[in-house]
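The values are calculated or read from the model by the stated rules, or taken from the named source; none is laboratory data. The shown structure was predicted, so the numbers you read here are calculated from the model rather than taken from an experiment. Cβ: placed from backbone, ideal geometry, glycine included. Neighbour counts: every protein chain shown.
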Amino acid sequence: MQQKYDVIVVGAGIAGITAAIYLKRYGYDVLVIERNYPGGQLNKIGTIENYPGLKEVKGPDFAFSLYEQAKALEIPFLFTNVEKISIESPKKIETTNDIFFTDFIILATGRNPRKLGLEMEEELIGKGISYCATCDGSFFKDKVVGVVGGGNSAIGEAIYLASLAKKVYVIHRKHEFRASRHLIEKVNQLSNVEIYYDSIVTSLKQENEKLSAIVIKQNDTEKEITMDGLFVYIGMEPSCIEINVPSFYTEDGYISVDKNMETNIDGIYACGDAILKEVYQLTTSVGEGTLAATSIHAKKLEQEKSV
């Protein structure tokens, strides 16, 4: 694999792949680096019903379609970790095994699920604790599971799990869900879903090195609920990469960009869920990926004119 590219996109979620497609069609030599799998969080969404032009699509299917489209354009993908970015010219990206150079970087690193922060949570991941119902739901067919959260992701996945599990408990810390009315109406119609409002998970219990129960606190009352699996959807945290510039990230780990998706470092752009913004949706990420790519193209044209 060559070591120098016109543009390197870090992250192969919907924002990163969109940017890469536009850049390739502009004629640039672009590399996409992804640490997990193409599509990012799309792979963890059961069903998408609010993307224009697609009445209903499975998240993993949508992710694969994006990847196929990029590969049809002969965009190279490298699946590895980016360890560090240096901003000297040309910019340098250090991965686990290689070093790459580029004039422009687009950071589309997305976000990761926030954890409960409870004792035994880490050791029970894959042994009853999960952050992806689409990935792990099939392991809990005809079993008892719980979902923590009250947003679209939590309620959407509770609906999905209800089609597999014998019983689904939904635990939400507030008195009402933040999810869309459409999803709330759906979940309320399911006979095997039981909802605990004003509740938090206070501890986890295990048996034979697997999750066996959770303890919830509802107002001042504690209750133990026996279950086989717990799916956590309590928000997201941005994924950060070491970069040799002080204060590049906000206090919460997000990236600030201007209207052109450019950061405070010349030649480094960002898009998707990694940036600080008001709305985190697939549609906004697509637009940001487009803007990042077109902004780089405009800057390249300006540079060529000034030569």
Give the stretch 138-156 a look and list any residue that's of a type outside the set (Ser, Thr, Tyr) and without any contact (Cβ under 8 Å) to a residue 40 or more places away in the chain, or say none. Lys141, Asp142, Gly150, Asn152, Ile155
Of the residues Leu183, Leu211, which single one is free of Cβ contacts under 8 Å to residues at least 40 places away in the same chain, more than 13 Å from Val148 (Cα to Cα) and surrounded by 19 or more Cβ atoms within 10 Å (Cβ to Cβ)? Leu183
Take Lys205 and decide whether it is modelled with pLDDT of 95 or more, assigned to a strand (DSSP E or B) and more than 17 Å from Arg111 (Cα to Cα). yes
Selection status of Glu83, over 17 Å from the mean Cα position of the chain (by Cα), assigned to a strand (DSSP E or B), among the acidic types (Asp, Glu) and in the same structural domain as Ile17 (by TED's automatic domain parsing): yes
Among residues of the stretch 208-234, those that are assigned to a loop (DSSP other than H, G, I, E, B) and out of contact with any helix residue (DSSP H, G or I) (no Cβ under 7 Å at 6 or more places or on another chain), counted: 6
Among residues of the stretch 61-78, those that are aromatic (Phe, Trp, Tyr) and closer than 17 Å to Gln3 by Cβ, counted: 1
Scan the stretch 243-253 and tell me whether some residue there is under 18 Å from the mean Cα position of the chain (by Cα), in contact (Cβ under 8 Å) with a residue 12 or more places away in the chain, crowded, with 16+ Cβ neighbours inside 10 Å and assigned to a loop (DSSP other than H, G, I, E, B). no
Hey, any hits in the stretch 272-295 for a residue that's part of a loop (DSSP other than H, G, I, E, B), modelled with pLDDT of 95 or more and farther than 28 Å from Asn152 by Cβ? no
Please tell me if Glu237 is charged (D, E, K, R), surrounded by 12 or more Cβ atoms within 10 Å (Cβ to Cβ) and either without any contact (Cβ under 8 Å) to a residue 60 or more places away in the chain or in a strand (DSSP E or B) (or both). yes
Taking the stretch 254-264, which residues are more than 22 Å from Asn81 (Cα to Cα) and buried (at least 16 other Cβ atoms within 10 Å of the Cβ)? Val257, Met261, Glu262
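Yes/no per residue for (1) among the aliphatic types (A, V, I, L, M); (2) in a loop (DSSP other than H, G, I, E, B); (3) surrounded by fewer than 24 Cβ atoms within 10 Å (Cβ to Cβ):
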position: Val9; (1), (2), (3): yes, no, no
position: Ala19; (1), (2), (3): yes, no, no
position: Val32; (1), (2), (3): yes, no, no
position: Asn36; (1), (2), (3): no, yes, yes
position: Gln41; (1), (2), (3): no, no, yes
position: Tyr51; (1), (2), (3): no, yes, yes
position: Phe62; (1), (2), (3): no, no, yes
position: Glu68; (1), (2), (3): no, no, yes
position: Lys71; (1), (2), (3): no, no, yes
Hey, Ile75 hits all of (1) under 21 Å from the mean Cα position of the chain (by Cα); (2) under 21 Å from Cys271 (Cβ atoms) but one; which does it fall short on? (1)
